[in-house]
Structure formats: C-alpha cells, structure tokens
Amino acid sequence: MLVVGAGPAGLHAAFYAGLRGLSVRLIDAQPEIGGQLSALYPDKLVYDLPGSPSARAADIVAALRSQLAPFGPDYRLNELAQTLTRTALSQTDPNQSGEGWTVTTDRASYPARAVIVAAGLGALLPREVRLGGEHPDVRTVLAEPSAFGGRTVLIVGGVPQAVRAALDLTAAGARVTLTHRRALFRGSPAQLAQLEALRQADRLTVYAPAELERLDNAGAWLCIGNDLRHITADSVYVANGHLPDLSALQSWPLGWQGEYIPADTAQMTRLPGVFAAGDVSLSGGDFKLLSVGLAQAALAANFAAHHIDPALKARPGHSSDRRLPQPGE
C-alpha cells in the first residue's frame, strides 16, 4: 500500500495497513514526518487528542512513529508526489495480476495495489526567499547535517526548524550563527535550553533581535541594534516557514471540489483502489480535526486492505486480540 502524506492521518493509515499484514510506503515532500504538526507548530500543545489531556504536537508525531515502527514502513521523504497512473500489476511483479496504481514523484516511481491520499492542506513547501545581495549557497531546505561538518553556516529564522537545524548542525561539527529579527525563538523547552547552553559554551553564536540587511559572496551583513556587522558563512539557510501546495495532486482525476477530494463511506474516491483521508477528504468537511482525520485514516486503510485482498474483511477486529511484531522479528 502507498500513502501520500506522512502527517498524522497518513501515519495512522500506515499503521492499520501494517496491522492488516500489508507492506506500506509513505511519500512526503517534507524532510521529516508529521505534516503540519512537525512543520508548523511542533512546540504547541494539542488538547483534543483522544485520551490525552494535553500533548505537544512533536510528541504526538513521535508516538505515531513509534506505533508504526514494528511494521517497518518505507519512508520516502523529500519527495513531491506528481502523477498518478493506472498500472498493470504484472508490469512490476510477474507474480501479480490485475491493476493497481503508480505514483511518480520528482525522484522515482512507486507501484502499489492501493493508494491513500492523506496530503492534508498540501505539500508544505518552503516560502519563497527574497534577499538583497547574492551568496553562492542559499538554502530553504537543509540537507543531511553531516554534510556541513567543518563549515560555517548562517541560519536565519525563529521557527522550530531553525532551532533544530542549529542544534543538528552544531552536533555535526558546523560552526553555526543563528539570527532572527525578534529575540524569541520557537522550540521545545529542552531544545531552547540546549540552544542556550551551546551559546554560553561559545559553540554557537546567536544574534537576536537582528535584521538581515544583505548577502554577499562571503556571508551576510546583519544590523544589530545600531551596528552593522558582517557574518562569514559558507552556507546560508533561511527558515522562513512553509506554504501548502496542492497543485500537483489536483491534476489527479479525483473529482476535486476545491481543496477537497470526494469520497464514499469507505473513504474510496471515484478511482477504484484510491482512497482519501484527513484534511484533504471532503467527507470531513471543514472539520479539520485530528480526531476526524485519524478516524478517516482507519476507514481508508481497512477498506484498502479489503480492496487489495478480498479475503481480508474490511472490519479489522480488535487490536487487543493481536500480537504485534517485536523488535528484531
């Protein structure tokens, strides 16, 4: 089974696919799982998660990851889903018959017997960056931190991704300068405490509040109070937040109604074997709630399992009657 979107709905759908004995692959445009919870507000408290008086968004993502881990999901991150095509299963596996689907991303193509679209508000793509001056290496997406060992990196932004990048790059051996136009940075209490400890140990430099005036070939000029200071940097990472983008998926023939995909009571779309769950599903209407998305994900995954193998009943039975795979099995 293939799940487009690794936010809460996608992760929960993948869990149920694993629970039904299916292998599952998840595609997401972000470099990390969690969707909006990770990219937009990992440090915020969520109060309407069933059974939890309050939980940090990042902790919810960590729990969903842990719940799914026993089934060995195949995460394909930093990949933007682009096309959906009908595919004869025998083209990808001579032991299979019938038809399935192939989702092509900006990197590869993935066949599947069923697809669940759990794309939320859309691929969370970095906001466009407009900066004065030029620098040879300006990024809005950060590669593997280990690639920056021994380099000087300027990070611009106060969002959680900026704080995580500063910590990860410093741990990887980069010399990091973190700056933001306000004195406030967003992150978990533990991350902010670690950031301050690194600053006090002179392992990381922080300028906030400060304004980025312009770039040049060697780094950037920051306005700090009444002073203009040059910061040397091999790379500049601008963490300017994200904007959702559904444009690639809206070319898929799913009968889109604005930003929503119509689906029946089984969460199946107009295409057999293609299901929808979460904020992108019309069945939830304007109820963009975590509890609604998780319920839709459970329905979509279980009906998708039945679609893949009619011998599997759509109703999954009680999870308490099952024994989950253990580490190393």
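The values are calculated or read from the model by the stated rules, or taken from the named source; none is laboratory data. All values reported here derive from a predicted model rather than from experimental measurement. Here the Cβ positions follow ideal geometry from the backbone for every residue, glycine too, while neighbour counts run over all protein chains shown.
Selection of first residues in the stretch 168-189 that are at negative phi and of a type in the set (Phe, Trp, Tyr) and of second residues that are part of a loop (DSSP other than H, G, I, E, B) and buried (at least 17 other Cβ atoms within 10 Å of the Cβ), restricted to Cβ pairs under 8 Å at least 6 apart or on distinct chains, gives the following pairs, ordered by first then second residue: PHE185/GLY158.
Quick grid of which residues meet (1) in contact with a Gly (Cβ under 7 Å, 6 or more places away or on another chain); (2) not hydroxyl-bearing (Ser, Thr, Tyr):
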{"residue": "SER146", "(1), (2)": "no, no"}
{"residue": "PRO160", "(1), (2)": "yes, yes"}
{"residue": "LEU167", "(1), (2)": "no, yes"}
{"residue": "GLN194", "(1), (2)": "no, yes"}
{"residue": "ARG199", "(1), (2)": "no, yes"}
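Taking first residues from the stretch 27-52 that are in the same structural domain as TYR75 (by TED's automatic domain parsing) and partners that are among the acidic types (Asp, Glu) and outside any strand (DSSP E or B), the Cβ contacts under 6 Å between residues at least 6 apart in sequence or on separate chains come to ILE27/GLU79; SER38/GLU32.
Taking the stretch 105-138 as the range and being modelled with pLDDT of 90 or more, under 20 Å from ALA29 (Cβ atoms) and surrounded by fewer than 17 Cβ atoms within 10 Å (Cβ to Cβ) as the test, the residues that pass are ASP106, ARG107, ALA108, SER109. Of the residues that make up the stretch 193-216, is at least one surrounded by 14 or more Cβ atoms within 10 Å (Cβ to Cβ), outside the structural domain of GLU32 (by TED's automatic domain parsing), within 23 Å of SER38 (Cβ to Cβ) and out of contact with any Leu (no Cβ under 9 Å at 6 or more places or on another chain)? Looking for residues that are surrounded by 14 or more Cβ atoms within 10 Å (Cβ to Cβ), outside the structural domain of GLU32 (by TED's automatic domain parsing), within 23 Å of SER38 (Cβ to Cβ) and out of contact with any Leu (no Cβ under 9 Å at 6 or more places or on another chain), one finds none in the stretch 193-216, hence no.
So, restricting to strands (runs of 3 or more DSSP E) that lie completely within the stretch 107-169, which ones have at least 2 residues that are within 23 Å of VAL4 (Cβ to Cβ)? Answer list for the stretch 107-169: 109-112, 115-117, 123-126. For ARG107, state whether it is of a type outside the set (A, V, I, L, M) and touching an Asp or Glu at 6+ places or on another chain (Cβ under 6 Å). When the stated conditions are applied, ARG107 passes them.
Would you mind finding the one in GLY133, GLY120 that is in contact with an Asp or Glu (Cβ under 6 Å, 6 or more places away or on another chain) and under 21 Å from PRO244 (Cα atoms)? Show your work before the answer.
Values: GLY133 fails: under 21 Å from PRO244 (Cα atoms).
Among GLY133, GLY120, only GLY120 is in contact with an Asp or Glu (Cβ under 6 Å, 6 or more places away or on another chain) and under 21 Å from PRO244 (Cα atoms).
Can you tell me which residue in the stretch 25-42 is farthest from THR140 (Cα to Cα), limited to those that are more than 11 Å from the chain's Cα centre (by Cα) and surrounded by 17 or more Cβ atoms within 10 Å (Cβ to Cβ)? Ranking the candidates gives ARG25 first.
For ALA9, the conditions (1) over 12 Å from ALA301 (Cα atoms); (2) touching a Gly at 6+ places or on another chain (Cβ under 7 Å); (3) assigned to a helix (DSSP H, G or I); (4) small (Gly, Ala, Ser) are fulfilled apart from (1).
Those strands (runs of 3 or more DSSP E) of the stretch 221-323 in which 1 or more residues are without any contact (Cβ under 8 Å) to a residue 12 or more places away in the chain occupy 227-232. Residues considered: ALA81, ALA165. Of these, the only one that is surrounded by 13 or more Cβ atoms within 10 Å (Cβ to Cβ), within 30 Å of GLY284 (Cβ to Cβ) and hydrophobic (A, V, I, L, M, F, W, C) is ALA81.
Annotation note: of ARG175, ARG182, the sole residue that is within 30 Å of ALA208 (Cβ to Cβ), in the same structural domain as LEU215 (by TED's automatic domain parsing) and modelled with pLDDT of 95 or more is ARG175. Within the stretch 190-220, restricting attention to residues that are part of a strand (DSSP E or B) and without any contact (Cβ under 8 Å) to a residue 40 or more places away in the chain, the residue that is farthest from ARG151 (Cα to Cα) is GLU211.
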